[in-house]
């Protein structure tokens, strides 16, 4: 029997190969490029020399609303909806390896699009180099939201992508803007904390990172339970 | 085929009389009755669109439920805060009753519910048909491309009207219902046609534009992602750009364009920190979006008809 | 050794009953799974493949529940009914990945995939992407994924759907070869004469229940409440009919354009008497056959559709 690690690697490799041969990467590239174009245009048109870093962050979080949905939710949702999981789950592999393998293949892609987008957008708009903390923030945010997207796709495969976008639009982004402790439920809020967008201490950044991981981890746990019981 | 002793056999005469009765062939027969007028084929497509949207919970009912909640909240706000002043326009010296601003303020929320429908249905309609090979079925029959385009558009409009027209109309009705007296009621009657106009314009935009995106990409998920990125990211971008440059640029943001028309119709014309979108630009933006979207769908469908697209993949 | 053991197994999909209280054992060989659409064939196959769990009762393959025990799935090869696969991959990439996931070591997976595709007649197309394949090519690629890891137990759900006649012969030959090599194979199909070409052992499923199982001729013999029909084309059908009409086992005689159709409860006796009558009266027989000596007729009898 193939080991769990090898299974995960193989599924990740196949997922990446399929992604590269499709058009989703191009669409993701267009989405990731939008904040760069915006920042450049805004910088050109604004009276002051630099723009507010918060504006660029706001657009980057919108990119975070779309990319995990495009790559993770749609890939897993399509796999379940098209019943190609029958090929995987009739093999002697643990069921969780399919979900984890997909994440291993796709999360780096999401991060690989978000981070350069953030870097170039800030360069174009504010002539600034992003801090290491902000890179870490968006990486952790992309990771956590990918876990959320994966689970939503296992729960509602046909509309996983749409529901992930709705989750961001109607829950994560608005809740992150609320005062009080409800904010802790929002990944984008934690991203802003880690990236030093809000008043923070080193401790709060650490707690925010933990918050992201906890939210993502909780969703992943639901996804793993779901996948364990899912019938093809 | 006859039997040795079948019906009609007469032992006395030794002959078999001709059987009385008729045998009905119950096998397939080509339909020879009246047929629907070809010009109404689009209605069949529209009806099918609505029926299939209503079938499952996540396709339409969830967004419809959201619209119902928005209606209930807006209605509740109107009923219980009728004597409160709205914050809208306060900085510019406008003093408006919350009861009067609830309806125009709620339009943006109905637009969000409409966006949800566009995600679950609108932005994947044509791409799904391309992927599944449905065009083979359409064009193997006497369905013309424009039947398909009109049918799909009409179906989407019917669904979105339930959110973008019905919801605001209910709130408008409530507003009329809480009028102080008959004179006020008569004065407020124009909000009904204004609501209809706004609802109609928003319905057309939220029906057509996602359809256009679904025709842009042959893959469902890519079409959906592009539409979401256009609506959320690009829309926010042009709105922010519009704040610092021309307000007309901000009209490319669909919900803001709808909101601009709403504010104009309800005479909520005041300057604020928001981008000042000229009404003409908002109308032109929505009209332009609809025209381009319909053109895209028409082109894709005609192309599918010409190339015989239909291979299921 | 018992390959599959099904014990009072039922499966519901919400309110819809997939299979109902099936008890059945499979000890080996090739078994044809027959049934109309919605009978429960795919449900039973998916239960055996480890894709579904029984709602009630138990189902074991090689002594283990396939859903909960991944290691037993190493010995199972499953070709699903649906056509969807990973279209972006080439056939060789797809089958290699499937072989590796089934436990074939990396260094051997490529060769095993090539051999499986070659066995399915896909050598020329193996480096093309699945996206551009015809229905038949997809079907053959699917079958290659099922056999690449040399499983002991094959589950083939409608394996011949959409395949051209020549490829069909090839595939039937391959399945026969695999069976001869000692593999246990369950084939579900609506193409009844092809099931007949593969095996005489059948399981008939109807409305979620096992209606009949075993050798097709034995089952036919057991259906004594249905008359056996014999069609004879000859030059003097009425003379032949007169000779047989007095026999008590003959239930009905019908005349057709060039012959006569006899319904009898005792076909063996009828055949003997038929031969005697033909010789006695010098009747020239041009054709002799039975519309009931095939799976289709058996299927119709069992499911209540008389032809």
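Where a number appears in this text, it was derived from the coordinates with a stated rule and is not lab data. Since the structure is predicted, the reported quantities are computational estimates derived from the model, not experimental observations. Positions of Cβ are backbone-derived with ideal geometry, glycine not excepted, and every protein chain shown enters the neighbour counts.
Fewest-first ordering of C:152, A:172 by other beta carbons within 10 Å of each residue's beta carbon gives C:152, A:172. Per residue, the Cα convex hull of segment B:39-228 amounts to 131 Å³.
Given contacts defined as C-alpha pairs under 8 Å and at least six residues apart, what's the relative contact order of chain C, whole-number percent?
Relative contact order comes out at 18 percent.
Distance between the modelled labels on residue C:55 and residue B:136, one decimal in nanometres: 3.4 nm (7 Å Cα→Cβ projection).
Which whole-number percent of Cα pairs in segment A:2-229 have a distance greater than 23 Å?
47 percent
Taking other C-beta atoms within 10 angstrom as a stand-in for reagent exposure, B:176, A:122 fall in the order B:176, A:122, fewest first.
With a simple spin-label model that places each label point 7 Å from the Cα along the Cα-to-Cβ direction, the separation between residue A:229 and residue A:40 comes to 5.0 nm. If you line up the long axis of helix C:165-180 against the longest principal axis of chain C, both from Cα atoms, how many degrees apart are they, to the nearest 10? For C:165-180 against chain C, the angle is about 80 degrees. Peptide A:34-44 has a mean of 3 when you count, residue by residue, the C-beta atoms of other protein chains within 10 Å of its C-beta.
Counting only C-alpha contacts under 8 Å and six or more residues apart, can you give the relative contact order of segment B:39-228 as a whole percent? This gives 32 percent for segment B:39-228. Across every pair of non-identical alpha carbons in the protein assembly as shown, the mean reciprocal distance, once inverted, gives a Kirkwood radius of 31.7 Å.
A Förster radius of 22 Å, combined with the Cβ-Cβ distance separating residue A:218 from residue A:5, puts the computed FRET efficiency at roughly 0.35.
If R0 is 22 Å, the Cβ-Cβ spacing of residue C:218 and residue C:276 corresponds to a FRET efficiency of close to 0.20. With a Förster radius of 56 Å applied to the C-beta separation of residue B:185 and residue A:171, the computed FRET efficiency comes to 0.90. Among the residues of B:236-245, the average count of other protein chain beta-carbon atoms within 10 Å of the residue beta-carbon is 5. Express in whole angstrom the spacing between the alpha-carbon centres of segment B:113-188 and segment A:73-93. Computed from Cα coordinates, the inter-centre distance equals 34 Å.
Please rank C:107, A:60, C:83, fewest neighbouring Cβ atoms within 10 Å first, as an exposure proxy.
C:107, C:83, A:60
In this rough spin-label picture, where each label sits 7 Å from Cα along the Cβ direction, the residue C:128-residue C:170 distance is 1.2 nm.
Once C-alpha pairs closer than 8 Å and six or more residues apart are averaged by separation and normalised to the residue number of segment A:2-229, the relative contact order reads 25 percent. With contributions of -39500 (n - 2.57) from each DSSP H run of at least four residues, the per-residue ellipticity at 222 nm computed over the protein assembly as shown stands at -18500 deg cm²/dmol. On full extension, the segment bounded by residue B:279 and residue B:52 gains 78.1 nm, given 0.36 nm per residue less the C-alpha separation. Taking the Cα centroid of segment C:106-132 and of segment C:156-207, what is the distance between the two, rounded to the nearest whole Å? Here the two parts' Cα centres lie 21 Å apart.
Using 0.36 nm per residue and subtracting the Cα-Cα separation, the extra length available between residue B:37 and residue B:306 on full extension is 94.5 nm. Full extension of the chain segment joining residue C:288 with residue C:13 gains 94.3 nm, where the gain is 0.36 nm per residue of separation less the Cα-Cα distance.
Each DSSP beta bridge with both residues in the protein assembly as shown is either parallel or antiparallel, and the antiparallel ones are about 70%. Within 10 Å of the Cβ of each residue in C:95-108, the mean number of Cβ atoms contributed by other protein chains is 4.
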